[in-house]
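> Let me begin by handing over the structure; questions about it come next.
The values are calculated or read from the model by the stated rules, or taken from the named source; none is laboratory data. Predicted model, so just to flag it, every value in this text is computed and none were measured. Reconstructed Cβ throughout: ideal geometry from the backbone, glycine too, with neighbour counts over all protein chains shown.
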Amino acid sequence: MDKIFRKLIDVSEGYALLLGNEAVARGALEAGVEVATAYPGTPSSEIIGSLMEVADLLNIYVEWSVNEKVAFELAWAAALSNKKSITAMKHVGLNVAADALMSSAYTGVSESFVIVSADDPSMWSSQNEQDNRLYSHISYIPVFEPSDPGEAKDLTVKLFDLSSMIKHPMMLRMTTRLSHVRGPVRLGRVERKTSKALFRPEPRYVLVPSNARVNRIDLLKRWEKIKDVINDLEFNKVFGDGKILIIAPGLAFSYVYEIVSKHDLLNKMRVLKLSSINPLPEKIVIEEAVKSEKIIVVEELEPVVENEIRILLNREKINVEVLGKNFVDRAYELTLERVEKIIEELTGLIKISVDIDKEIKKPYIPPRPPVFCPGCPYRPLFYEMRKIISRERLKTVISGDIGCYSLSYYPPYKIQDTIVEMGGSIGLGNGFSTVLKDHVIISVIGDSTFFHAGIPALINSIYNDHPQIVIILDNMSTAMTGHQPSPSTPRDGRKILIEDLVKGIGVKNVFVIDPFDVDSFNKAFHEAIKNLREKHETSVIIARRKCALIAYADMIRDGVEIYPYYVDPEICVGCGLCYNLFACPAITPLENRKAFIDPELCIGCGSCVVSCPYNAIKPLKPFDRKALDKYWF
Amino acid sequence: MRDLKELNIVVSGVGGQGQLFLSRIVGEIFMSRGIPAYIAETHGLSQRGGSVIVHIRIGRSVRAPLIPMNRAHIMISLEILEAARYIDYLMSNGVAIINRKFIRPPSTPKAPHEDELISFIKSRIYRTYLLPASKTAVEMGMPISANIYMIGSLIKLLDYMTILSETYIDHLIKDLLPERGRDINIKIYERGKKDLYEMIYGENFKDLEKTIFGEH
C-alpha cells in the first residue's frame with residue numbers, strides 16, 4: 001500500500017480510495033500542472049506532499065517554500081509565464097499570502113493558477129476558525145467548494161480549465177473533513193504534456209497606480225464574465241422535488257443529502273448542491289427560489305452563501321422566507337446529528353431519537369492531549385526550563401509559537417503564556433519587552449517558524465532595542481506537519497545556519513546547545529538572563545537536535561540495534577519525577593508508584609536519565625551513545 | 001452478495017498505534033469489491049500521542065464522513081481508555097473489539113483504573129470483546145503490529161456477519177501489508193482472527209445485521 005498515489009500515475013480509469021488532499025493533487029495532475037508550491041499546514045499539507053511524490057516521474061516542479069507568501073508568489077509567477085500552477089495552504093496561511101492574493105486578481109494570469117485554502121472548522125489543529133470563502137469577496141477571486149473527495153478531484157480539473165480560459169486565479173476551498181477524508185475518486189488520465197515557459201511583459205503586471213486603475217476596471221469586467229460562465233457550471237445541481245428548498249454548499253451537501261435520502265424526503269423537498277460559492281450561480285438559484293415556499297441554507301461557519309442569497313432575492317424581488325444562521329450555529333463543523341436536527345426543527349417532517357442509556361454512569365475520562373513523542377529533544381529542555389523558572393521564582397512572560405513545542409503549554413511544563421500565530425512569539429516579545437521592563441521576556445520558536453515569520457521580528461527586536469531571550473528549537477525539520485524540509489534541513493549541501501543568520505542581524509549573544517545536555521542549557525539560560533538584566537541585550541539560544549521521529553526512523557532503516565532503557569526497581573523510590581514531571585509517554589507508574597519504562601514505546605534516547613535523582617534509569621544493555629550521534633545531528 | 005446499505009466502524013486509540021493504516025486497509029478491502037468507503041482521519045496535533053478517532057463509513061447510503069453518536073455498528077479500539085471515551089458512538093447492540101492495553105495519559109495522577117473502564121464499557125455494550133492484541137504482537141516480535149491483529153479480528157467478525165468473505169480478504173491482505181515483516185504480520189493477523197472467533201463462536205448478530213443490510 002506504500003506510495004499508492006505514485007503507483008496510480010499510470011492508471012486512468014476506475015476508482016481509487018484517496019484522501020481529499022490527494023484527490024486535489026490528482027486533479028492538478030490530470031489538468032497538467034507544472035509548478036506546485038506550499039508551506040505545510042494542517043489540514044492542507046498532503047496536497048503538495050502528494051505532488052512531491054511524483055515530481056520526478058512527471059517532470060513537474062514541486063516546492064516546500066519558506067512561507068505561504070513566497071509559495072504563492074512562486075506559483076503565481078509561473079502562471080504569468082504560461083505554466084499551469086497550484087499553491088496550497090491552510091486557512092491562516094492565506095493570511096500570510098493575502099497581500100499577494102489581492103494583487104493576483106489585478107494582474108490576472110496567462111495560464112491556470114489554482115489557489116487551495118484548507119480551512120479548519122472546529123479548529124482541530126488551528127488557532128482560529130476563519131472562513132476563507134470570504135477572501136473571495138474582497139479579492140475578486142472566485143471560490144469553489146467540493147462536497148466530497150471524488151468531487152474535489154473533478155472540481156480541481158475544472159478550476160484549471162476555468163482559470164486558463166478566463167486568465168484569472170481560481171480558489172478551491174477545502175475543509176478538514178474534505179482534506180482528511182478518504183473516499184472513492186474516479187481516475188482520469190494524467191496529462192503529461194509540458195508547455196513552453198513564456199513571459200510577455202504587460203502593463204497590467206506592473207501595479208503602479210496608473211496601471212492598477214485600469215486593472216480595476218478590467219477586473220470588474222472579468223468578474224461579470226466569470227458570473228456568466230458559472231451559471232452553466234455543471235457542479236451546481238438540484239436533487240428531489242417539493243416546495244422546500246435546501247441550499248447546501250460544499251461538504252454541507254453530503255450531510256444534507258444523506259439525511260434527506262435516509263428519511264425518504266426527496267419527494268418533499270429539493271436540495272441544491274452549490275459548488276460555486278462566489279460568485280453564486282444566479283440563474284439556477286433564481287429558478288429554484290421562485291418555485292419555493294421556504295429556503296433553508298445549511299452551511300458551515302459564516303453565512304457566506306446565505307447573505308448572497310438574501311441580496312440576490314431582494315434584488316430580484318423574490319419574496320421567499322430564508323432560514324439560515326438563526327438555526328445553524330456559526331461555530332464548529334457540521335455533523336449528521338446537527339443537520340438532522342436542523343431538518344427536524346425546520347421542516348417538522350422527521351423525528352429523531354437516540355438510544356444511549358444515561359443511567360450507566362460514565363467514569364471520569366481524563367483528556368489525552370497530544371504529547372511530546374518519546375525521544376523528543378524539546379522535553380528535557382522544557383523540563384529544565386520549568387525547573388529553573390519555578391525554583392528561582394523568575395518573573396517571566398513566555399511568548400510561544402506554532403509547532404510541536406506549542407504542547408509545552410500543557411502540564412506538566414506549563415511554559416507558554418501566549419501562542420497566537422506564526423512568528424508571533426518574537427513579535428509579541430518585542431511588545432512585552434517594551435512595556436514589562438521588570439519581567440524576563442522569553443520567546444520560544446521552532447526553526448521552520450523562525451524562517452517563516454520570525455526573522456523580521458528578531459530584526460526589529462535588535463534594531464529597535466527590545467531585549468529578550470529567544471530560544472530557537474532547531475530540530476532541522478517542519479516536524480508538526482509531517483517533516484517537510486525547512487531551510488535548516490540539509491539539502492544538496494545547502495543549509496541555512498540559524499547562528500550565522502542571527503549574528504548577521506546583530507545578535508551579540510548566541511548560544512548553540514544540545515537540548516539533551518540540560519547543563520549546557522542551564523548555563524546558557526542563566527547567561528542570557530544576566531545579559532538581559534545587566535546589559536539589556538537580547539540573547540539567542542539555539543537548541544539543536546533532530547526530531548526523534550526522524551532520528552529513530554533513520555536508525556531503524558540502517559538496522560541499528562536499539563536498546564530501550566529500564567527502571568531498576570531496587571533503586572526506584574516511586575517519587576514520580578520521571579512520569580509526572582519529565583513526562584515521557586514511555587514512562588508509566590506501576591501499582592506501587594515505582595516507574596516502569598514501556599519497551600514498546602521507548603526508543604532508547606536516554607534523555608530521561610537526568611530526571612532521576614537516584615540514577616535508577618539505565619540502558620537495558622550498555623551501548624555507545626556517542627556512536628548514534630550521527631542520527632541525531 | 002447482500003446489499004450493504006450502511007456500515008459504520010469507529011476506530012479509536014492513541015496516536016501512533018496505527019489506526020490510520022488499519023482504517024485504510026479496511027477501506028481498500030471494501031473498495032476492491034466496488035462498495036464505496038469513506039474514512040475520516042485525525043491528523044496533525046492528534047498524532048502526537050493524543051486521542052485518535054477514525055470514522056469508517058461503508059455502503060451505498062453513505063455520503064457524509066462522520067458517524068453520528070449511537071450509530072456505529074462496530075468499534076475497534078487499540079486502547080481501553082480511548083474505547084471508553086468514544087463508546088457513545090456505538091449502538092447499544094453494537095460490537096466493541098478492544099485491545100487489552102491501557103495507556104495512562106502522561107502526568108494524569110487521577111486516571112481511572114482499567115478495570116473500572118472495562119466494567120463501564122461492558123455495562124454499556126454487552127457485545128464487548130477484549131483481545132490481547134498488543135501482547136500477541138510483542139510476543140511475536142512485532143510490537144507495533146497490534147493494529148494488524150485487530151484487522152484480523154475485524155475481518156473475522158465481518159466474515160461471521162456475512163458482510164465479506166474472509167477467504168477473499170486473506171488473499172487481498174497479503175498485498176496490502178508492508179513488505180517488511182510480512183510473514184510475521186500475516187501470522188499476527190491470523191491470530192487476531194482465531195482469537196476473536198473463539199469468543200464469538202455460536203453468537204448471533206442477526207439484529208445488528210438488519211441495520212446494515214438493505215431490505216431487498
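> Please go through the range B:185-205 and give me each residue that is under 25 Å from B:Phe21 (Cβ atoms) and either in contact with a Lys or Arg (Cβ under 9 Å, 6 or more places away or on another chain) or not in a helix (DSSP H, G or I) (or both), ordered by number.
Within the range B:185-205, B:Ile186, B:Gly192, B:Lys193, B:Lys194, B:Asp195, B:Leu196, B:Tyr197, B:Ile200 meet the criteria.
> Search the range B:8-21 for residues being within 19 Å of B:Phe102 (Cα to Cα) and among the hydrophobic types (A, V, I, L, M, F, W, C), and hand back the single one that is nearest to the other protein chains (Cβ to nearest Cβ).
Applying the filter and picking the extreme gives B:Val14.
> Across the range A:106-118, what is the number of residues that are more than 14 Å from chain B (Cβ to nearest Cβ), part of a strand (DSSP E or B) and touching a Lys or Arg at 6+ places or on another chain (Cβ under 7 Å)?
Start the filter on the range A:106-118 by keeping residues that are more than 14 Å from chain B (Cβ to nearest Cβ), which leaves A:106-117.
From the residues that got through so far, the ones that are part of a strand (DSSP E or B) too are A:113-117.
Next, only the ones that are touching a Lys or Arg at 6+ places or on another chain (Cβ under 7 Å) stay: A:117.
Total satisfying the criteria: 1.
> Let me ask something else about it. If you go through the range B:182-202, how many residues are in contact (Cβ under 8 Å) with a residue 12 or more places away in the chain and farther than 15 Å from B:Thr136 by Cα?
Number satisfying all stated conditions: 3.
> If you don't mind, another one. List the helices (runs of 4 or more DSSP H) that sit entirely inside the range A:1-75 and contain at least 3 residues that are within 14 Å of chain B (Cβ to nearest Cβ) and farther than 27 Å from A:Gly423 by Cα.
A:4-7, A:20-31
> Next up: Residue under question is A:Ile352, and the condition is that it be in contact with a helix residue (DSSP H, G or I) (Cβ under 7 Å, 6 or more places away or on another chain) and surrounded by fewer than 20 Cβ atoms within 10 Å (Cβ to Cβ); does it hold? Can you show your working first?
On the way: in contact with a helix residue (DSSP H, G or I) (Cβ under 7 Å, 6 or more places away or on another chain): yes; surrounded by fewer than 20 Cβ atoms within 10 Å (Cβ to Cβ): yes.
When the stated conditions are applied, A:Ile352 passes them.
> Residues B:Ser123, B:Ser134, B:Ser107: which one is facing chain A (nearest Cβ under 10 Å), assigned to a helix (DSSP H, G or I) and within 23 Å of A:Pro374 (Cα to Cα)?
B:Ser134
> So is B:Gly192 of a type in the set (Gly, Ala, Ser), closer than 27 Å to B:Asn93 by Cα and surrounded by 13 or more Cβ atoms within 10 Å (Cβ to Cβ) or not?
Considered against the rule, which asks whether it is of a type in the set (Gly, Ala, Ser), closer than 27 Å to B:Asn93 by Cα and surrounded by 13 or more Cβ atoms within 10 Å (Cβ to Cβ), B:Gly192 comes out as yes.
> Within the range A:124-146, is even one residue assigned by TED's automatic domain parsing to the domain that holds A:Leu187, surrounded by 24 or more Cβ atoms within 10 Å (Cβ to Cβ) and touching a Gly at 6+ places or on another chain (Cβ under 8 Å)?
yes
> Tell me, which residue of the range A:321-370 that is assigned to a loop (DSSP other than H, G, I, E, B) and in contact (Cβ under 8 Å) with a residue 60 or more places away in the chain is farthest from B:Leu66 (Cα to Cα)?
A:Leu349
> Test B:Arg71 against the stated conditions and say whether it is farther than 17 Å from B:Phe21 by Cα, more than 9 Å from chain A (Cβ to nearest Cβ) and surrounded by fewer than 24 Cβ atoms within 10 Å (Cβ to Cβ). Before you say what the answer is, go through the steps one by one.
Values: farther than 17 Å from B:Phe21 by Cα: yes; more than 9 Å from chain A (Cβ to nearest Cβ): no; surrounded by fewer than 24 Cβ atoms within 10 Å (Cβ to Cβ): yes.
No; evaluated as a whole, the condition is false for this residue.
> Here's something else I'd like to know. So how many residues does the range B:37-65 have that are within 18 Å of the chain's Cα centre (by Cα), at pLDDT 95 or above, assigned to a loop (DSSP other than H, G, I, E, B) and at the interface with chain A (Cβ under 7 Å from one of its Cβ atoms)?
Looking only at that region, the number is 1.
> A:Ser539 - would you say it is crowded, with 18+ Cβ neighbours inside 10 Å and not assigned by TED's automatic domain parsing to the domain that holds A:Ile415? I'd like the intermediate steps shown before the answer.
Values: crowded, with 18+ Cβ neighbours inside 10 Å: yes; not assigned by TED's automatic domain parsing to the domain that holds A:Ile415: no.
The answer is no for A:Ser539.
> In the range A:260-297, what residues are touching a residue at least 60 places away in the same chain (Cβ under 8 Å) and assigned to a strand (DSSP E or B)?
A:Met269, A:Lys273, A:Leu274, A:Ser276, A:Ile277, A:Asn278
> Would you call A:Asn215 assigned by TED's automatic domain parsing to the domain that holds A:Tyr205 and modelled with pLDDT of 95 or more?
Numbers: assigned by TED's automatic domain parsing to the domain that holds A:Tyr205: yes; modelled with pLDDT of 95 or more: yes.
The answer is yes for A:Asn215.
> Which is charged (D, E, K, R), surrounded by 15 or more Cβ atoms within 10 Å (Cβ to Cβ) and at pLDDT below 95, of A:Arg379, A:Arg368, A:Arg386? First the steps, then the outcome.
Details: A:Arg379 fails: at pLDDT below 95; A:Arg386 fails: at pLDDT below 95.
After applying the criteria, what remains is A:Arg368.
> Restrict the check to the range A:222-231 and report whether at least one residue is buried (at least 17 other Cβ atoms within 10 Å of the Cβ), touching a residue at least 40 places away in the same chain (Cβ under 8 Å), within 14 Å of chain B (Cβ to nearest Cβ) and of a type in the set (D, E, K, R).
Checked the range A:222-231: no residue is buried (at least 17 other Cβ atoms within 10 Å of the Cβ), touching a residue at least 40 places away in the same chain (Cβ under 8 Å), within 14 Å of chain B (Cβ to nearest Cβ) and of a type in the set (D, E, K, R).
> Does A:Tyr614 satisfy being over 33 Å from the mean Cα position of the chain (by Cα), in a loop (DSSP other than H, G, I, E, B) and under 26 Å from B:Gly18 (Cα atoms)?
no
> On the basis of being touching a helix residue (DSSP H, G or I) at 6+ places or on another chain (Cβ under 8 Å), farther than 14 Å from A:Ala31 by Cβ, among the hydroxyl-bearing types (Ser, Thr, Tyr) and in a loop (DSSP other than H, G, I, E, B), does A:Ser126 make the cut?
Answer is yes for this residue.
> Still on this structure, please answer the following. Inspect all residues belonging to the range A:306-315 and state whether any of them is assigned to a loop (DSSP other than H, G, I, E, B) and in contact (Cβ under 8 Å) with a residue 40 or more places away in the chain.
Just the residues of the range A:306-315 that are assigned to a loop (DSSP other than H, G, I, E, B), to begin with: none.
Scanning the range A:306-315, I find no residue that is assigned to a loop (DSSP other than H, G, I, E, B) and in contact (Cβ under 8 Å) with a residue 40 or more places away in the chain, so the answer is no.
> Could you please let me know if A:Tyr405 is without any contact (Cβ under 8 Å) to a residue 12 or more places away in the chain, closer than 30 Å to A:Asp598 by Cβ and of a type in the set (Ser, Thr, Tyr)?
Criteria not met by A:Tyr405.
> Please enumerate the residues belonging to the range B:83-97 that are over 13 Å from B:Ile9 (Cα atoms) and either part of a strand (DSSP E or B) or more than 9 Å from chain A (Cβ to nearest Cβ) (or both).
First pass over the range B:83-97, keeping only residues over 13 Å from B:Ile9 (Cα atoms): B:84-85, B:92-93.
Of everything in the range B:83-97, those that are over 13 Å from B:Ile9 (Cα atoms) and either part of a strand (DSSP E or B) or more than 9 Å from chain A (Cβ to nearest Cβ) (or both) turn out to be B:Ser92, B:Asn93.
> Follow-up. Could you look through the range A:190-209, keep only residues that are exposed (fewer than 10 other Cβ atoms within 10 Å of the Cβ) and either free of Cβ contacts under 8 Å to residues at least 60 places away in the same chain or not assigned by TED's automatic domain parsing to the domain that holds A:Ser139 (or both), and pick out the one that is nearest to A:Lys7 (Cα to Cα)?
A:Pro201
> Is it the case that the range B:158-169 has a residue that's within 11 Å of another protein chain (Cβ to nearest Cβ), touching a Lys or Arg at 6+ places or on another chain (Cβ under 9 Å) and part of a helix (DSSP H, G or I)? Can you show your working first?
To start, the set of residues in the range B:158-169 that are within 11 Å of another protein chain (Cβ to nearest Cβ) comprises none.
No, the range B:158-169 has no match at all.
> Would you check if there is a residue in the range B:111-118 being buried (at least 21 other Cβ atoms within 10 Å of the Cβ), at pLDDT 95 or above, more than 17 Å from the chain's Cα centre (by Cα) and not in a loop (DSSP other than H, G, I, E, B)?
Checked the range B:111-118: at least one residue is buried (at least 21 other Cβ atoms within 10 Å of the Cβ), at pLDDT 95 or above, more than 17 Å from the chain's Cα centre (by Cα) and not in a loop (DSSP other than H, G, I, E, B).
> Among the numbered criteria (1) within 30 Å of A:Pro411 (Cβ to Cβ); (2) more than 13 Å from chain B (Cβ to nearest Cβ), which one does A:Pro366 miss?
The single condition A:Pro366 does not satisfy is (2).
> Next question, about the same structure. Can you name every residue in the range A:171-201 that is within 11 Å of chain B (Cβ to nearest Cβ) and part of a loop (DSSP other than H, G, I, E, B)?
The one that is within 11 Å of chain B (Cβ to nearest Cβ) and part of a loop (DSSP other than H, G, I, E, B): A:His180.
> Same structure again: So is B:Ile80 touching a residue at least 12 places away in the same chain (Cβ under 8 Å), more than 8 Å from chain A (Cβ to nearest Cβ) and under 25 Å from B:Ile186 (Cα atoms) or not?
Numbers: touching a residue at least 12 places away in the same chain (Cβ under 8 Å): yes; more than 8 Å from chain A (Cβ to nearest Cβ): yes; under 25 Å from B:Ile186 (Cα atoms): yes.
Yes.
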